[in-house]
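The values are calculated or read from the model by the stated rules, or taken from the named source; none is laboratory data. A quick note: this is a predicted structure, and the numbers were derived from the prediction, not measured. Here Cβ is always computed from backbone atoms with ideal geometry, including for glycine, and neighbour counts include all displayed protein chains.
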Amino acid sequence: MLARDGDADLMTLSDGDGGEALPIFGFEQEARLFLRLLGREGEWRLRETTVGELAPLLRGPYAGIRKVALDPVPEGVNSSGPLDVAWPSRENFLGAFRSQSGDE
């Protein structure tokens, strides 16, 4: 995840449907490249997060987030084709982790 102001503010993106998405990165290098392409390296920092930390955020202070953006590419950088981002809904994203942990 990408955070600023300590950890008080997490970066969100427009989901294209009037809602917001939380960008999640599989690797530190992808997150750093994302920030560099946006030109926001000094403003945001990387916040390593576990599923145990992410799920409560999506159920609590970020419950209004409609989707999760997995390894997003900044708008305008190859916005069509094989680099398009996966945007599962918040519910589907959390459901995948509940299924894996047996918490159904």
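Observations on the model:
- The range 25-54: number of residues that are at pLDDT below 90 and touching a helix residue (DSSP H, G or I) at 6+ places or on another chain (Cβ under 6 Å): 2
- Note on the range 59-74: residues that are part of a loop (DSSP other than H, G, I, E, B) and within 11 Å of ARG90 (Cβ to Cβ) total 5.
- Residue match in the range 75-96 (condition: part of a strand (DSSP E or B) and either among the charged types (D, E, K, R) or at pLDDT 85 or above (or both)): no
- The single condition from (1) surrounded by 12 or more Cβ atoms within 10 Å (Cβ to Cβ); (2) at pLDDT below 90; (3) in a loop (DSSP other than H, G, I, E, B) that ASP103 fails is (1).
- Scanning the range 1-58 for residues that are of a type outside the set (Gly, Ala, Ser), assigned to a strand (DSSP E or B) and loosely packed, with under 14 Cβ neighbours inside 10 Å returns a single hit, ASP9.
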